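Working notes, beginning with the structure itself.
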Amino acid sequence: MNEKLNRRQFIGNAAMLGAGLLLPATVQAMMKGPRYRIAVCDWMILKRQKLGAFQLTKEIGADGVEVDMGGLGDRPTFDSKLSDPVIRKQFLDKAAELHLQIPSIAMSGFYAQSFAERPGVEKMVQDCIDTMVQMKVRIAFLPLGVQGDLVQHPELRPAIVERLKDAGVRARKAGVIIGVETALPAAEEVKLLDEINSSSIRSYFNFSNALQAGRDLHQELRTLGRKRICQIHCTDTDGVWLQNNTRINMPLVKKTLDDMGWRGWLVIERSRDANDPRNVKSNFSANTAYLKSVFQ
């Protein structure tokens, strides 16, 4: 009787597998795609909010492009073309045509603007979230930048926490995540995230912050942990390509992330050759090829 049941179960499972209704763990893992994917930033390849960013990303060899919300200046919100449904469709259609993804939407305007003090931040954040929902992008990049550097300006912490709590509520309602880049050591960033207390506000980790401060990159990653890091800017300051950077042991970085159980997008921001910084295709193709050789 057990033999008949086992045989019947096997035949049933085989039928379901053939119909695509039951997938073994190995097939499920393959269906999810690579554990690590490589992207570039549209503003760093000099194609901020330009449709041509996708074709250039394809030529560079990356898997996706982080799309920026546009500049801020003195405007009430980002200078974004993506509020236009026609433009949004063009972006999404071009990405699909070239088999590229948009892993995140960036608010790079806050590199130079004060997230803590700039009036109208709530609208800017909401505009970004609305764009994410409309484009089906799950992660936003929010740098606290120079004016929001909590190492240099600890007095801004209460205002930043308050605004990030509000952003967390908005993000949670929309089902998205805002990744924040800070200059804090990992242990202090953990405290900041705990104070904000929102699963919708996480760390958008940038290798260069730890490296410039002389901190142990691997320990910083482990301290933050898998669940707190939503995405990574896999980059250093400009100077040499990643493959020639003696202060990053990239295979060891992969092992650290593997051991943590982390998976996701590694986004190249800088690490350009100082002797030829504006040669976009050369710099980003080299960095992309190297990261793929290590992580894929």
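Here, each number is a calculation from the coordinates, and none is a lab measurement. What you are looking at is a predicted structure, and each value in this text was computed from that prediction instead of being measured. Note that each Cβ is placed from the backbone with ideal geometry, even for glycine, and that neighbours are counted across all protein chains shown.
Here are a few things to note about the model shown:
- For the chain, the relative contact order is 18 percent, taking Cα pairs closer than 8 Å that sit 6 or more residues apart in sequence and dividing their mean separation by the residue count.
- Relative protection proxy for 273-285, 225-237, from highest mean packing down: 225-237, 273-285 (other beta-carbon atoms within 10 angstrom).
- Straight-distance crosslink candidates among lysines, where the alpha carbon sits under 28 Å from Lys89 and sequence neighbours closer than 8 are dropped: Lys32, Lys47, Lys50, Lys58, Lys81, Lys123, Lys136, Lys173, Lys281
- Distances between placed amide hydrogens fall under 5 Å for Ala140 paired with Ile105, Ile177, Ile178, Gly179, all partners being 5 or more residues away or on another chain.
- Between region 224-290 and region 62-114, the C-alpha centres lie 21 angstrom from each other.
- Working note: Karplus 6.51/-1.76/1.60 with θ = phi - 60° gives region 40-56 the couplings 10, 8, 5, 6, 7, 9, 6, 9, 4, 6, 10, 4, x, 4, 6, 5, 5 Hz, where Gly and Pro are set to x.
- For Gln101, the residues whose amide H sits under 5 Å from its own are Gly64, Val65, ignoring neighbours fewer than 5 places away on the same chain, with H placed 1.01 Å from N.
- For region 50-129, the fraction of alpha-carbon pairs in successive 10 Å shells from zero, as %: 17, 46, 27, 10, 0
- Here the Karplus relation 6.51 cos²θ - 1.76 cosθ + 1.60, evaluated at θ = phi - 60°, turns the backbone of region 111-128 into coupling constants of 4, 10, 9, 8, 5, 6, 10, 5, x, x, 4, 4, 5, 4, 4, 5, 4, 5 Hz, with x for every Gly and Pro.
- Phi-based couplings in Hz for region 279-296 (Karplus 6.51, -1.76, 1.60; Gly and Pro marked x): 7, 4, 5, 5, 5, 7, 5, 5, 5, 5, 4, 5, 4, 5, 5, 8, 9, 10
- Here the peptides 255-261, 143-149 are ranked by packing, the mean other Cβ count within 10 Å, and the order with the highest first is 143-149, 255-261.
- Here is how the number arises for the chain: DSSP H runs of 4 or more residues each give -39500 (n - 2.57), the sum is divided by the residue count, and the result at 222 nm is -13500 deg cm²/dmol.
- Amide hydrogen proximity for Gln231: with H placed 1.01 Å from N in the peptide plane, the residues at 5 or more positions away or on another chain lying under 5 Å are Phe205.
- Annotation: average projected area of the chain is 18.4 square nanometres, based on the convex hull of Cα atoms across all directions.
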